[in-house]
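One structure is given here, and the rest of the page talks about it.
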Amino acid sequence: MQPIIIIGTGRKGRIALEILQANQITVYGFLDDDNSREGDIIGNVPILGSQKDPIFLGMLGEKCAAFVALEDSTEQKNYIQKWQKENPIPTLNAIHPHAYLASQVSLGEGNLINLLSSIGTEVKIGSYNTVEEQVVIGQAVQIDNHVHICPGTIIGGGAIIHSGAQIGAGAIVMNDITIGENVSIPTGKVIQESIGI
């Protein structure tokens, strides 16, 4: 496995660092949009420079792999679209070793799946999604791209979560419900009917 550069130094980037190191993957450094932070250390890993620095971006693919961990979903989506157009390099998934994925789970790339989350059989997850800790995703759920699922959420079997949806901590999405594109579900909300479609 190539060493990794994490793009983004916020909470998501720090979680990605923990997950990658827990999987014995070497993290070469971070890139950040604040040039004044160059040389700072997060954990035991340096901030190398700007997330737009052509020198470091040029290392991706040949010398390093990447994990994009920008906090704002729209910013991350725009960054990835621009980056993939100019420099199409696949990014790995960051899956905590104490998460459970059934054997028939389909994953795209660039997903973060955190501690003690459980993903059932026949689940299809696209790319660049965040599944935080202790999330339960039931059988045959479909999740598109750039979805953020906060801690303690339960997604019932057969649900469909469209791109850009944000699901608050502790929310419950009942079986066979569809959540539309860019819909935000409040913390603790129980969703019993499809929304945003």
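Readers should treat all values here as calculations from the given coordinates under stated rules, not as data from a laboratory. Here the structure is a predicted model, which is why all the values come from computation and not from measurement. Because the Cβ atoms are built from the backbone with ideal geometry, glycine has one as well, and the counts that use them run over all protein chains shown.
Taking the criterion of being of a type in the set (Asp, Glu) and either surrounded by 18 or more Cβ atoms within 10 Å (Cβ to Cβ) or in contact with a helix residue (DSSP H, G or I) (Cβ under 8 Å, 6 or more places away or on another chain) (or both), the only residue of region 16-51 that qualifies is Asp32. If I filter region 27-59 down to residues being in a strand (DSSP E or B) and hydrophobic (A, V, I, L, M, F, W, C), which single residue comes out as nearest to Pro3 (Cα to Cα)? For region 27-59, the residue satisfying everything is Val27. Quick check on region 94-111. Is at least one of its residues within 21 Å of Gly13 (Cβ to Cβ), among the small types (Gly, Ala, Ser), surrounded by 21 or more Cβ atoms within 10 Å (Cβ to Cβ) and under 16 Å from the mean Cα position of the chain (by Cα)? Checked region 94-111: at least one residue is within 21 Å of Gly13 (Cβ to Cβ), among the small types (Gly, Ala, Ser), surrounded by 21 or more Cβ atoms within 10 Å (Cβ to Cβ) and under 16 Å from the mean Cα position of the chain (by Cα).
When you check Ile15 against the structure, is it of a type in the set (Val, Ile, Thr) and part of a helix (DSSP H, G or I), yes or no? Against the criterion (of a type in the set (Val, Ile, Thr) and part of a helix (DSSP H, G or I)), Ile15 qualifies.
Taken over region 1-20, the criterion of being of a type in the set (S, T, N, Q) and within 16 Å of the chain's Cα centre (by Cα) is satisfied by Thr9 alone. Restricting region 73-99 to residues that are out of contact with any His (no Cβ under 9 Å at 6 or more places or on another chain) and hydrophobic (A, V, I, L, M, F, W, C), the residue that is farthest from Gly61 (Cα to Cα) is Ala99. For first residues located in region 60-80 and in a loop (DSSP other than H, G, I, E, B), partners that are among the β-branched types (Val, Ile, Thr) and buried (at least 21 other Cβ atoms within 10 Å of the Cβ) and lie 6+ apart or on another chain with Cβ distances below 7 Å form the pairs Ala69/Ile6; Ala69/Ile7; Leu70/Ile7. Among the residues of region 85-104, is any of a type outside the set (Ser, Thr, Tyr), touching a Lys or Arg at 6+ places or on another chain (Cβ under 7 Å), touching a residue at least 60 places away in the same chain (Cβ under 8 Å) and closer than 17 Å to Cys150 by Cα? For region 85-104, residues of a type outside the set (Ser, Thr, Tyr), touching a Lys or Arg at 6+ places or on another chain (Cβ under 7 Å), touching a residue at least 60 places away in the same chain (Cβ under 8 Å) and closer than 17 Å to Cys150 by Cα: absent. From the list Gly170, Gly164, the one residue that fits, being in contact (Cβ under 8 Å) with a residue 40 or more places away in the chain, outside any strand (DSSP E or B), small (Gly, Ala, Ser) and within 26 Å of Glu75 (Cβ to Cβ), is Gly164.
Does Val135 count as surrounded by 22 or more Cβ atoms within 10 Å (Cβ to Cβ), touching a Lys or Arg at 6+ places or on another chain (Cβ under 8 Å) and under 18 Å from Thr178 (Cα atoms)? No: the conditions fail for Val135.
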